[in-house]
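**Student:** Here it is, the structure, as structure tokens.
Every number here is computed from the coordinates shown, using simple stated rules; none is lab data. What you see is a predicted model, and the numbers here were worked out from it, not measured in a lab. Note that we place each Cβ from the backbone using ideal geometry, even for glycine, and neighbour counts take in every protein chain shown.
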Amino acid sequence: MPNLTRRHLLAATASAMVLPNMALAQDPQAILRAAFDNWRASSSHTVAEMTVRNATGTNTLTMESWTEGRDKALVRFIAPARDAGNATLQSGRRTYVFNPKLNQVIQLPASAMSQSWMGSDFSYNDLTKTEQLVNDYTHTLLETRRQNGRTVYVIESMPKRGKPIVWGKQIIHVRDDYVLLRQEFYDQSGNLVRSMVAERVRNLGGRPYPAEIKMSSAATPGQWTRIVTRSAEFNSALPSYLFTRSNLQNPR
Amino acid sequence: MLVSFAWRNIWRQPVRTVLSLVGLALSSLLLVFMLSLQYGAYDAMKVGALGLLDGFGQFQPEGYTDDPDVSRLLPNWETLVDSARQDGVVIATPRAGSFAIMASGDISFGAAVMGVDPVTEPAVSSLPATIIEGRYLVEGDAAVIVMGEGLVRNLGLSVGDSVTMLGTGNGGAVAANVLELVGIFKTGVSQLDRQITQMPLAQFQEDYNLGDSVNVVAMRGLDFNAVAAAAPALAQLAQEEGAVYLRWDELLPEVKQMIDLDNSILLLMYGVMISVVVFILLNTLYMSVLERTREFGGLMAIGMRPAQIGAMVWLELIFLALLGVGMGSALGVGLTLWIAQVGINFPGIEELFRQWGITGEVFPVLSWFSATAGPGIIALSIIVLGLIPYRHIKGLAPVKAMGAA
């Protein structure tokens, strides 16, 4: 175990400095940990547009989100008027949604976690399962490839025995500066179910960031959800009331 | 002459003959009744299980079974409803459905929400008749809901309370409303009672951004088999409107599989029963043939040909078989007709039956098949296998036969 702890420390240091570290190259779990830490930092505040293309048409929503640590997140929709005010709060293992029409906060039951989030190709689980991916899977470094002049790690993550996970496996591509480039979800028989691809990486809030990501399901070609991050700010101090139920219902 | 000999011969051993006849009659009676009861139970199962919620058939948009998404809309559903009614399907009802979170205070559960037409729904589904508290939906209802007893208990609600519904509507819009619980149903199928809720179709269409559209049309007829027989016409109709038609065995394949499994097991059992009866009877008759070898030798000595004697013994067998089987069938038909009037109860396993949609008494259904198949096979087997003693007798020589013990 001491070995593992040292690796974690290394990972934390590396992500803090956003420096490629050769020692990490050998440890896929540390690479993933660093990638998620790069994505969310110790805290983040972003404004993004989510475009959903489904059978009935295309719909764009604007949302403002805040995250803190590994298990706190708040997403509030601010446009268009039809959807403005809807918000989702993740705090620890619990997920709450607020609907302005009802003026009510609802804690999501476990059975609803796999449902679509705001009609998108993301589920509520996607908002909360990053920790699970790091801890409840066994990771193997499949390949280290060169892509556009950079090193990309291709990691295969298999669920650990006995963990309640719906996927058969995931394949994750992480660039050497810990930007998540691609995440593929496979079912138990090894068929690709859906994939999330970083279509554009740019500098946001002082770090390389997957500024445009697209999620699409294999079963519904031509339908997808794209999230374009407009602005981002990392590691700033967030007020403690932000991730509370009362703030979810009555934002200060 | 052979006929009268044969008839006289079977009554030379009245006890043996009566015992054989009783055996044949009882097994025939049992077969007629069991087959009728079995098919009656299957009919009850189909009508009960499908009539509870799914209907005897459904029009659906393509791909809806695999992915029942609220945004999969049924094209030209009004035309489908009208044409189906003309096609002899007594009634059709439009429905919409989605998944939603039902919340009350801090408790929330996922549930299926159905938007139904309060007027036509009770004619297709028996769920509205299982209300145990409050009332079912009525015309003119707006923001109200009825729920299964299990879900109500989980949410800690009672009739008159408000419940919050949050789901995703057509096109990804948030579907949210506060609804008043007006009724609680208990179908006895625990899965349905825990997961199903129903609200007025018009309100559902508004909350889920559906306009005038629906997801499926469910149908029911007075006669289950008439609807089943209309399947090709209904499928044709669906195809013309760009939809698909789902037969009962596609809606609830588990009911069909259950029936097939049960049927195979019972047919195997009948097969064993028929074999036992037939072989026991043949054994008795063959023994009686053997002990009559001397008599046959005598008959041959006075000029009867072996083939004639064989035919006589064969005729004895045929008389016995037809008599026993005939009496048994008649009694079986009588018993079945009587039970078909009063029904038959199976105390102790009502719960199991209810999961398969059977409530209360089961009524056997007499058909030409159930009345004749079992007894027919018994009689035919005996007549065919009766050729064995016939062959034996044909091979007898008079002197040797007369010398037999």
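**Student:** Taking the Cα atoms of segment A:139-197 alone, what are Rg (to one decimal) and Dmax (as a whole number) in Å?
**Tutor:** My reading of the Cα-based Rg and Dmax gives 12.3, 40 Å.
**Student:** Here's something else I'd like to know. Considering chain A as a Gaussian network with a 10 Å cut-off on Cα pairs, which listed residue, A:172, A:106, A:227, attains the greatest mean-square fluctuation?
**Tutor:** Fluctuation is largest for A:106.
**Student:** Stokes-Einstein diffusion coefficient for segment B:1-130 at 37 °C in a medium of 0.692 mPa s, Rh from the Kirkwood formula over Cα pairs: what value in µm²/s?
**Tutor:** Values: Rh = 20.3 Å.
This corresponds to a translational diffusion coefficient of 162 µm²/s.
**Student:** From largest to smallest, what semi-axes in whole angstrom does segment B:222-304 give when each is the square root of 5 times an eigenvalue of its alpha carbon gyration tensor?
**Tutor:** Semi-axis lengths for segment B:222-304 are 59, 17, 8 Å.
**Student:** While we're looking at this one, here's another question. Going by how many other Cβ atoms sit within 10 Å of their own, how do A:95, A:244 line up, fewest first?
**Tutor:** With the fewest neighbours first, A:95, A:244 line up as A:244, A:95.
**Student:** Find the all-direction average of the projected area of the Cα convex hull for segment B:119-277, expressing the result in square nanometres with one decimal place.
**Tutor:** 13.3 nm²
**Student:** If you take the C-alpha gyration tensor of the protein assembly as shown, multiply each eigenvalue by 5 and take the square root, what semi-axes do you get, largest first, in whole Å?
**Tutor:** 73, 33, 20
**Student:** A further question follows. Debye calculation, C-alpha points only, no solvent: report log10 I(q)/I(0) for segment B:362-405 at q = 0.16 Å⁻¹, in the same order as the q values.
**Tutor:** -0.62
**Student:** Whose amide H sits under 5 Å from the amide H of residue A:138, counting only residues 5 or more places off or on another chain, with H placed in the peptide plane?
**Tutor:** A:158, A:160
**Student:** Helix by helix through chain B, keep the DSSP H runs that span 20 Å or more along the axis on Cα and average at least -0.5 on Kyte-Doolittle, and give those back in order. Let's see the in-between values first.
**Tutor:** Working: long enough: B:14-52 (55 Å, 1.32); B:253-291 (57 Å, 1.23); B:306-342 (54 Å, 1.58); B:368-385 (25 Å, 1.80).
The answer, listed by residue number, is B:14-52, B:253-291, B:306-342, B:368-385.
**Student:** If you don't mind, another one. Any idea what diffusion coefficient segment B:262-338 gets from Stokes-Einstein, in µm²/s, Kirkwood Rh on alpha carbon pairs, 25 °C, 0.890 mPa s?
**Tutor:** Using the Kirkwood radius from Cα pairs, D works out to 162 µm²/s.
**Student:** Could you tell me what a quarter of the Cα convex hull surface of segment A:42-249 works out to, in nm² with one decimal place?
**Tutor:** Convex hull of Cα atoms, orientation-averaged projection: 12.3 nm².
**Student:** Taking the Cα-to-Cβ direction at residue B:290 and at residue B:67 and moving 7 Å from each Cα, how far apart do the two end points lie in nm?
**Tutor:** Here the modelled spin labels are 7.3 nm apart.
**Student:** Rg and Dmax of segment B:236-277 over Cα atoms: what are they, in angstrom?
**Tutor:** 17.8, 56
**Student:** With n ≥ 4 as the cut-off for DSSP H runs, can you work out [θ] at 222 nm for chain A, using -39500 (n - 2.57) per run divided by the number of residues, rounded to the nearest 500?
**Tutor:** Mean residue ellipticity at 222 nm (helix-derived): -5000 deg cm²/dmol.
**Student:** A further question follows. Please get the size of the charge dipole for chain B, origin at its Cα centre, with Cβ charges of +1 on Lys and Arg and -1 on Asp and Glu, quoted in debye to the nearest 20.
**Tutor:** About 3600 debye.
**Student:** May I pose another question? Please report the antiparallel percentage of the DSSP beta bridges confined to the protein assembly as shown, to the nearest 5.
**Tutor:** Counting DSSP beta bridges with both partners in the protein assembly as shown, the antiparallel share is about 95 percent.
**Student:** If you don't mind, another one. Across segment A:176-231, how large is the tail of the calculated P(r) beyond 16 Å, expressed as a percent of all Cα pairs?
**Tutor:** 48 percent
**Student:** Given the Cα atoms of segment B:277-405, and with Rh set as the inverse mean 1/r over their pairs in the Kirkwood sense, what is Rg to Rh to two decimals? Walk me through the intermediate numbers first.
**Tutor:** On the way: Rg = 22.6 Å, Rh = 17.8 Å.
Taking Rh as the inverse mean 1/r over Cα pairs, Rg/Rh reads 1.26.
**Student:** Oh, and also: Using θ = phi - 60° and the Karplus relation 6.51 cos²θ - 1.76 cosθ + 1.60, list the HN-Hα couplings for segment A:155-160 in order, rounded to whole Hz, with x at every Gly or Pro.
**Tutor:** These are the phi-based 3J(HN,Hα) values: 10, 9, 10, 9, x, 6 Hz.
**Student:** When chain B is modelled as a GNM with alpha-carbon springs shorter than 10 Å, which of B:377, B:302, B:131 fluctuates the most?
**Tutor:** Greatest mean-square fluctuation among the candidates belongs to B:302.
**Student:** Next question, about the same structure. Relative contact order for chain A: what is it in percent, counting Cα pairs under 8 Å that are at least 6 residues apart?
**Tutor:** Details: 528 pairs, mean separation 48.9, N = 252.
Worked out over chain A, it gives 19 percent.
**Student:** Sequence-distant or interchain residues sharing an amide H contact under 5 Å with residue B:174, placed H: which?
**Tutor:** Close amide H contacts, sequence-distant or interchain: B:169.
**Student:** Three principal axis extents, largest first, for the C-alpha atoms of segment A:22-147, in Å?
**Tutor:** Dimensions of segment A:22-147 along the principal axes of its Cα atoms: 52, 31, 28 Å.
**Student:** Using θ = phi - 60° and the Karplus relation 6.51 cos²θ - 1.76 cosθ + 1.60, list the HN-Hα couplings for segment B:192-205 in order, rounded to whole Hz, with x at every Gly or Pro.
**Tutor:** Result, rounded to whole Hz: 5, 5, 8, 10, 9, 9, 9, 9, x, 4, 4, 5, 4, 4.
**Student:** Given 37 °C and 0.692 mPa s, how large is the Stokes-Einstein diffusion coefficient of segment B:55-201 in µm²/s, with Rh as the Kirkwood radius over Cα pairs?
**Tutor:** Roughly 207 µm²/s, to the nearest whole number.
**Student:** Through the Karplus equation 6.51 cos²θ - 1.76 cosθ + 1.60, θ set to phi - 60°, convert the phi angles of segment B:103-116 into ³J(HN,Hα) values in whole Hz; use x for Gly and Pro.
**Tutor:** 10, 9, x, 8, 9, 9, 9, x, 8, 8, 10, 10, x, 10
**Student:** Further question on the same structure: What do you get for Rg/Rh of chain B when both radii come from the Cα atoms and Rh is the Kirkwood radius?
**Tutor:** Checking Rg against Rh, the ratio lands at 1.24.
**Student:** Now, a different point. Would you give the gap between the C-alpha center of segment A:183-243 and the C-alpha center of segment A:119-182, rounded to a whole Å?
**Tutor:** After rounding, the separation between the Cα centres reads 12 Å.
**Student:** Quick one: in segment B:1-44, what % of C-alpha pairs are over 13 Å apart?
**Tutor:** Roughly 66 percent, rounded to a whole number.
**Student:** Taking the Cα centre of each part, how many Å lie between segment B:254-317 and segment B:1-32?
**Tutor:** 12 Å
**Student:** For residue A:95, enumerate residues with amide H under 5 Å from its amide H, sequence gap 5+ or separate chain, H modeled in the peptide plane.
**Tutor:** Those lying under 5 Å, H to H, from residue A:95 are A:108.
**Student:** Expressed in nm to one decimal, what extension gain is obtained for the pair residue A:237 and residue A:94 from 0.36 nm per residue of sequence separation less their Cα-Cα distance?
**Tutor:** Working it through step by step, the gained length comes to 49.2 nm.
**Student:** What is the pair-distance distribution P(r) of segment A:106-177, computed from all Cα-Cα distances in 10 Å bins starting at 0, with each bin given as a whole percent?
**Tutor:** 17, 38, 30, 13, 2
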